[in-house]
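These notes concern the structure reproduced below.
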Amino acid sequence: MRDIPNYLDDPQQILLWEFDEFILLSVAFGLGIMTDYLGLMLVSGFFVVKYYRKGKDRRPNGFLLHAAYWYCGMAASEHTPTSKPIAFIRRFF
């Protein structure tokens with residue numbers, strides 16, 4: 001179980017989950033309502049959040065944004081400059 005955040009830069013929490021974990025659980029809830037398998041999707045959502053949290057705790061902060069940029073070339077934020085190097089180029093001349 002997570003503790004209450006002590007610092008201002010800690011991620012936002014909704015009940016027991018951080019914001020990104022809560023989004024995963026909300027998606028599972030919405031899919032459960034749409035497919036009429038609410039119980040099954042909630043249980044699977046809890047397991048997905050559990051394993052997502054384990055993977056997230058093993059890696060440094062911001063790993064998912066860095067991995068998304070590395071593999072897909074996605075921008076980390078809309079406020080960053082548009083002249084970024086392509087993610088697939090590993091050597092600059």
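One decimal place: the segment PHE29-PHE88 gains 17.6 nm when fully extended, by the rule 0.36 nm per residue minus the C-alpha distance. Phi angles across segment 18-33 convert, under the Karplus curve 6.51 cos²θ - 1.76 cosθ + 1.60 with θ = phi - 60°, into 3J(HN,Hα) values of 6, 4, 5, 5, 5, 4, 4, 5, 5, 5, 4, 5, x, 5, x, 5 Hz, Gly and Pro given as x. Computed 3J(HN,Hα) for segment 40-49, one whole-Hz value per residue from the Karplus formula 6.51 cos²θ - 1.76 cosθ + 1.60 where θ = phi - 60°, is 5, 6, 5, 5, 5, x, 5, 5, 4, 5, glycine and proline marked x. Normalised Debye scattering of segment 13-72 at q = 0.12, 0.20, 0.21, 0.28 Å⁻¹ gives log10 I(q)/I(0) of -0.35, -0.80, -0.85, -1.09, counting only Cα atoms as equal scatterers and leaving out solvent. Modelled spin-label separation between GLN13 and TYR69, with each label point placed 7 Å from Cα along the Cα-to-Cβ direction: 2.9 nm.
Note that segment 59-69 has calculated 3J(HN,Hα) couplings of 10, x, 4, x, 4, 5, 5, 5, 5, 5, 5 Hz, one per residue in order, obtained from phi through the Karplus relation 6.51 cos²θ - 1.76 cosθ + 1.60 (θ = phi - 60°); glycine and proline are x.
All of the numbers you see were taken from the coordinates with simple rules; none came from a lab. Every value quoted in this text rests on a predicted model; they were computed, and no experiment measured them. Glycine gets a Cβ as well: all are built from the backbone with ideal geometry, and neighbour counts include every protein chain shown.
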